[in-house]
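A.B. asks: The structure that follows is given in the form of structure tokens.
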Amino acid sequence: MRDVLLIEDLLPRSQLVVLQHHIERAKIPAIDGHVHLGQWGGRWAVEDVEALIERMDRCNIKAMVNLDGGTGDQLKRNVERYREPYPNRFAVLMTPDWATCARPDWEEELPRQLEKAIAAGADGMKIFKSLGLRVRDERGDLLRVDDERLDPLWARAGELGVPVLFHIADPVAFFTPLDRFNERWDELHQHPNWSFYHPQYPTFMDLMEQQANLLAQHPEVIFQSAHVASYAENLQWVGELLDAHPNLYVDISERIAELGRQPYTAREWFIKYQDRIVFGTDRPPLGPWYEIYFRFLETFDEYFPHGPEQPPRQGRWNIYGVGLPDEVLEKIYHKNAEKIYPRLA
């Protein structure tokens, strides 16, 4: 009788002996262009703002972009908590109230929400992936990101001169069958509701097409596409998107697991598009994540974990550092974000 080992119990320990660097502080001052600091379930993501500031100083994080502004009272609380007392350390983004789309006048109401939010202290607009996947119009139809009825919202952002940070899709594996071939098997079994492999959802490539259409329809708007334009698995495609749309920036938040397993391709991509890439983590800022990101960007370390979890949350593989030159790091760490959010410069 042979022994049986369940895949979820397999935690192999590498026996490689290679150089390791522990980097607690960014080599160059950095702006985290993708972080969540709002209230979730009635509690703030970070309870102690002073502790957060101290952590930022230790890690050489000069500023953060908080994506959790929301609208109305929620936005007011975020502005009062972060932007007003620390004007050079935090930007706050608003999010439209998509429940508005159930009403007949939603096409005019969404731009008004943006106007009010900017007047109340928001620095730009955040579009969560619910648009394109779950938001429905007054007829109950799924609302596409490139729907022409949303044009007044994007156009108003262009008129106000504020950026739009949008998250269009999750990893490709989330849109494929949850079977033995799915490389995110562990993650999706822990979070089955993260799977979008169902007829009620668009396909992954349909969402990528919507993203490209939106960029082409509104060249006057500065867009920051989260998570390497949601397609870090295909950097050639992302590069072609950047080539076609000068109004686009991408952030690297939550995608070093993808970037770090293709280090040769990723390093060339970082260098080629150094003027269009924004540093960001999308991870709890008081955790261990900055050291992992700094190590990935600044060193040539080999075969190290892309997160602290066991097994690795985003896939059963390790990553490699891309060792970027200082002049490239400077742009990715803060200069590109300062072009999008000039108040943080």
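A.B. asks: Compute the semi-axes of the equivalent ellipsoid of the range 158-212, taking the square root of 5 times each eigenvalue of the Cα gyration tensor, and list them largest first in whole Å.
C.D. replies: Three semi-axes, in Å: 28, 13, 9.
A.B. asks: Note the count of lysine pairs whose C-alpha atoms are less than 19 angstrom apart in the range 22-127, limited to pairs 8 or more residues apart or on different chains.
C.D. replies: Taking the Cα cut-off of 19 Å, the pair count is 4.
A.B. asks: A follow-up question, please. So which residue, out of 165, 11, 153, gets the largest mean-square fluctuation from a GNM of the chain using Cα contacts under 10 Å as springs?
C.D. replies: Highest fluctuation of the listed residues: 11.
A.B. asks: Just to confirm my numbers, what's the Cα centroid distance between the range 224-252 and the range 87-123 in Å?
C.D. replies: Value for the Cα centre distance between the two parts: 25 Å.
A.B. asks: Another question, if that's okay. Taking only DSSP H segments of four or more residues, each worth -39500 (n - 2.57), what value at 222 nm results for the chain once the sum is divided by all its residues, to the nearest 500 deg cm²/dmol?
C.D. replies: Result for the chain: -9000 deg cm²/dmol, rounded to the nearest 500.
A.B. asks: Antiparallel DSSP bridges in the chain: what percent, to the nearest 5?
C.D. replies: 15 percent
A.B. asks: Based only on other Cβ atoms within 10 Å, what is the fewest-to-most ordering of 64, 208?
C.D. replies: The fewest-first ordering by Cβ neighbours comes to 208, 64.
A.B. asks: Any idea what the relative contact order of the chain is, in percent, if you count C-alpha pairs under 8 Å spaced at least 6 apart?
C.D. replies: Worked out over the chain, it gives 19 percent.
A.B. asks: Of all DSSP beta bridges located in the range 14-96, what percent are antiparallel, nearest 5?
C.D. replies: 20 percent
A.B. asks: By the gyration tensor of its Cα atoms, with a ≥ b ≥ c the square roots of the eigenvalues, what is the shape of the range 36-190: rounded for a/c under 1.5, prolate for a/b over b/c, or oblate?
C.D. replies: oblate
A.B. asks: Ok, one more. Packing-wise, with mean Cβ within 10 Å as the measure, how do 191-198, 247-254 rank, highest first?
C.D. replies: Going by the mean number of other Cβ atoms within 10 Å, highest first, we get 247-254, 191-198.
A.B. asks: Taking the chain as a Gaussian network, Cα atoms linked when under 10 Å apart, which of 278, 46, 18 shows the biggest mean-square fluctuation?
C.D. replies: With Cα springs under 10 Å in the chain, the top fluctuation among 278, 46, 18 is at 18.
A.B. asks: Can you run the Rg to Rh ratio on the range 233-345? Use alpha carbon positions and the Kirkwood inverse-distance Rh.
C.D. replies: Looking at the range 233-345, the ratio lands at 0.96.
A.B. asks: Cut-off is 10 Å between beta-carbons; in what order do 281, 71, 265 appear when sorted fewest neighbours first?
C.D. replies: 265, 71, 281
A.B. asks: Could you tell me how many degrees, from 0 to 90 and to the nearest 10, lie between the Cα long axis of helix 204-217 and the main elongation axis, the longest principal axis, of the Cα atoms of the chain?
C.D. replies: 50 degrees
A.B. asks: Ratio of alpha-carbon Rg to the 2.2 N^0.38 Å globular estimate for the chain, to two decimals, please.
C.D. replies: For the chain, the normalised Cα radius of gyration comes out at 1.00.
A.B. asks: Enter the Cα centre distance for the pair the range 255-275 and the range 1-79, rounded to the nearest angstrom.
C.D. replies: The range 255-275 and the range 1-79 have Cα centres separated by 20 Å.
A.B. asks: Go through 132-144, 91-103, 282-294 and give me the packing order, highest mean Cβ count within 10 Å leading.
C.D. replies: 91-103, 282-294, 132-144
A.B. asks: Taking +1 at the Cβ of each Lys and Arg and -1 at the Cβ of each Asp and Glu, which of 199, 292, 17 sits farthest along the dipole of the chain towards its positive end, judged by Cα position relative to the Cα centre?
C.D. replies: So the residue we want is 17.
A short reminder: the numbers here are calculations on the coordinates, not readings from a lab. Values in this document were obtained by computation on a predicted structure and should not be read as measured data. Cβ coordinates were reconstructed from backbone atoms using ideal geometry, including for glycine residues, and neighbour counts include every protein chain displayed.
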